[in-house]
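To start, the structure under review is shown below, and the notes come after it.
The values are calculated or read from the model by the stated rules, or taken from the named source; none is laboratory data. Values in this document were obtained by computation on a predicted structure and should not be read as measured data. Here the Cβ is made from the backbone with ideal geometry for all residues, glycine too, and neighbour counts use every protein chain on show.
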Amino acid sequence: MSTPNNTQLGNKSVQEKRRNSGHCPALQRGAMTETLTRITITPSDMLMFAAVAMLPFDGTKIGIPLPYWTPISPWLFTLYTIINWRYLRDTARRFLPFFLFPLLLVLTSVYGWQSYGIHASATTKSFISILLGLACLASLDIAIRIKRVPVRTLLTTLFTAYVVAFLIGILQYIALERHLNWQPVRAYFWGALYRNYASVRPQFMFAEPSYIGMHLFGVLLPVFWLTRDRKIGILIPIFAAGAIAMGSGTRIILDTVVATFIWLIATINFHSRKVTAGFVGALGLLGAGGLSAIIINPRLNSLATNGLLAGDGSMSARIFHMLAPMWSWKHDLSHFMFGWGAGNISNAVRTGYAGARQWYDAHGGAPNTEIDGLANPPADTFTMSIYASFITEFGLFCFLAFLLLVLAHVAVHHGWSRRNICWFILLAYLYIQFESYAFYAIPLFIWAVCTIKNRGKNNINSL
């Protein structure tokens, strides 16, 4: 057995001093891809590995229900943060504006609560989701930057979790009635999933099939950008192609086209004529693939033929879920600026329903029971868009404040590389049809742009 030399002991001493002083520097080049020389995992770090392992399993009945999903990982991230509270002071100081931001949301919510009252359950879920998002941010910082949990082990855990989820999707596809019709398998997922789509199409273990793109391009693609891990890089296109081939949904087709285009923009070296010519050719193939998908896929074909409002029932419902509260914005400018209050989306939906429905019907929108039910919405009504939800609850003022906060955060840490700009645009697109405040994509972006040192022209290989 080898004994540690003076350099190793000195490095260990420096790390302990940094931890005790409450200050840890940003990760330097190579920190996310370095080879392990010793095991640095503590018992509490197993919670972090469990949280990463549970990332793709956000639609089961085991998870605690939040707006339109039942995740497990956010609660594990939170528990990890609580157990490692000693390091929270350094993390909170590093991301202080984000940790103080919920106070602004509470203050602005008072205006809406005075007008419409408080829906206790919906309000609690809204603020819990925001705190869970902060816990994800804190746990990333504590685990990777401060405690130096082995990133390679985390990546292996992440890769394995999504491989398992993909294999489950294949099993769901084989077990469909139109294939082998495996009743025991179908019955199992009927009992295991909170909202079951697996009897019609593979949903893997996500809350619904439309969340596939959020995971692939909101989590895995940024992780690949940060680490250049080949296994993750190979898994992303395989997972996307498999989901499309098995007919998991239309959104994964759209998400794949958009994400591929953004990935090309972030990656291509436009100083090379040959590479630029290859980029133009890739755009041609991407366009041809998108056109083929519209022709071949029945739902996309119907949307292209009949329009967004009448081409697909699910798309119609999604649009109206956003349209109803937005219709209230134009008729109540004070609440549009300062919000209806946390948990009061249903009040805005109820107020805007009549006008939104009149416009929707006049423009050929297809009626369905989900849209009809929004005439008297439940207290925990959702919008399926983070923009519609956040502005309705907290107002345009808070939304612009958060946007400015993120932009300033990136600028202060000199993070406006081409990769990060493309990453930011990709997030802005993905959240158009996704509303959870607790999802991991935004915390990952906020953490990475100030923690991973960007170097080089494109900052792609800077790690």
Scan the range 424-450 and report the pairs whose first residue is over 17 Å from W263 (Cα atoms) and whose second residue is assigned to a helix (DSSP H, G or I) and polar (S, T, N, Q), with Cβ atoms within less than 7 Å and a gap of 6+ or a chain change. Q433/S210; E435/S389; S436/S129; Y437/S129; A438/S129; V449/N420
Kindly establish whether V52 is exposed (fewer than 15 other Cβ atoms within 10 Å of the Cβ) and in contact (Cβ under 8 Å) with a residue 60 or more places away in the chain. no
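Looking at the range 437-453 only, could you name the residues that are closer than 17 Å to A411 by Cα and outside any helix (DSSP H, G or I)? Outline the logic, then answer.
Within the range 437-453, the first condition is being closer than 17 Å to A411 by Cα, and the residues that meet it are 442-453.
Correct list: I452, K453.
Only one residue in I371, I421 is part of a helix (DSSP H, G or I) and buried (at least 17 other Cβ atoms within 10 Å of the Cβ). Which one? Break it down stepwise before answering.
Numbers: I421 fails: buried (at least 17 other Cβ atoms within 10 Å of the Cβ).
Of the residues listed, the single one that is part of a helix (DSSP H, G or I) and buried (at least 17 other Cβ atoms within 10 Å of the Cβ) is I371.
Listed here are the residues, each with its yes/no results for (1) over 29 Å from R318 (Cβ atoms); (2) surrounded by 22 or more Cβ atoms within 10 Å (Cβ to Cβ); (3) within 25 Å of the chain's Cα centre (by Cα).
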{"site": "W113", "(1), (2), (3)": "no, no, no"}
{"site": "G117", "(1), (2), (3)": "no, no, no"}
{"site": "S126", "(1), (2), (3)": "no, yes, yes"}
{"site": "R152", "(1), (2), (3)": "yes, no, yes"}
{"site": "W182", "(1), (2), (3)": "yes, no, no"}
{"site": "Y188", "(1), (2), (3)": "no, no, no"}
{"site": "Y194", "(1), (2), (3)": "no, no, yes"}
Whichever residue in the range 378-400 is of a type in the set (S, T, Y) and assigned to a helix (DSSP H, G or I) and, among such residues, is farthest from W340 (Cα to Cα): Y387
So L264 fits all but one of (1) touching a residue at least 12 places away in the same chain (Cβ under 8 Å); (2) more than 30 Å from T153 (Cα to Cα); (3) not small (G, A, S); what number is the exception? (2)
Cβ pairs under 7 Å, 6+ apart or interchain, first in the range 310-323 and touching a residue at least 60 places away in the same chain (Cβ under 8 Å) and closer than 12 Å to R299 by Cα, second hydroxyl-bearing (S, T, Y) and assigned to a helix (DSSP H, G or I), ordered by first then second residue, are D312/S302
If I filter the range 298-321 for residues that are within 28 Å of N347 (Cβ to Cβ), surrounded by 14 or more Cβ atoms within 10 Å (Cβ to Cβ), at pLDDT 90 or above and in contact with a Ser or Thr (Cβ under 7 Å, 6 or more places away or on another chain), do I get at least one hit? yes
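Could you grab me the full set of residues in the range 267-326 that are part of a loop (DSSP other than H, G, I, E, B) and farther than 20 Å from G247 by Cα?
From the range 267-326, those part of a loop (DSSP other than H, G, I, E, B) are 268-272, 297, 307-312; that's our starting set.
Of everything in the range 267-326, those that are part of a loop (DSSP other than H, G, I, E, B) and farther than 20 Å from G247 by Cα turn out to be I268, N269, F270, H271, S272, G307, L309, A310.
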Of the residues in the range 151-184, those that are part of a loop (DSSP other than H, G, I, E, B) and in contact with a helix residue (DSSP H, G or I) (Cβ under 9 Å, 6 or more places away or on another chain) come to A175, L176, E177, H179, L180, W182
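Every residue in the range 201-225 that is closer than 21 Å to I174 by Cβ and either acidic (D, E) or in contact (Cβ under 8 Å) with a residue 60 or more places away in the chain (or both), please.
Restricting attention to the range 201-225, the residues satisfying the condition of being closer than 21 Å to I174 by Cβ are 201-206, 208-209, 212.
Q203, F204, M205, F206, E208 - these are the residues of the range 201-225 that are closer than 21 Å to I174 by Cβ and either acidic (D, E) or in contact (Cβ under 8 Å) with a residue 60 or more places away in the chain (or both).
Have a look at V257, V275 and point out the one that is surrounded by fewer than 20 Cβ atoms within 10 Å (Cβ to Cβ), within 22 Å of the chain's Cα centre (by Cα) and at pLDDT below 95.
Details: V275 fails: within 22 Å of the chain's Cα centre (by Cα).
Answer to the selection: V257.
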Might you let me know whether the range 57-64 holds any residue that is out of contact with any Leu (no Cβ under 9 Å at 6 or more places or on another chain), at pLDDT 95 or above, farther than 30 Å from N344 by Cβ and not aliphatic (A, V, I, L, M)? yes
Can you tell me which residue within the range 70-87, out of those that are surrounded by 21 or more Cβ atoms within 10 Å (Cβ to Cβ) and in a loop (DSSP other than H, G, I, E, B), is farthest from the chain's Cα centre (by Cα)? N84
Regarding the range 242-251, can at least one residue be identified that is without any contact (Cβ under 8 Å) to a residue 12 or more places away in the chain and under 29 Å from G311 (Cα atoms)? yes
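Could you grab me the full set of residues in the range 185-213 that are part of a helix (DSSP H, G or I) and either closer than 13 Å to A243 by Cα or β-branched (V, I, T) (or both)? So that I can check it myself, show each step before the final result.
Filtering the range 185-213 for residues part of a helix (DSSP H, G or I) gives 185-192, 209-213.
V185, P209, S210, Y211, I212, G213 - these are the residues of the range 185-213 that are part of a helix (DSSP H, G or I) and either closer than 13 Å to A243 by Cα or β-branched (V, I, T) (or both).
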The residue from I238, I212, I244 that alone is buried (at least 23 other Cβ atoms within 10 Å of the Cβ), among the aliphatic types (A, V, I, L, M) and in contact with a helix residue (DSSP H, G or I) (Cβ under 8 Å, 6 or more places away or on another chain) is I212
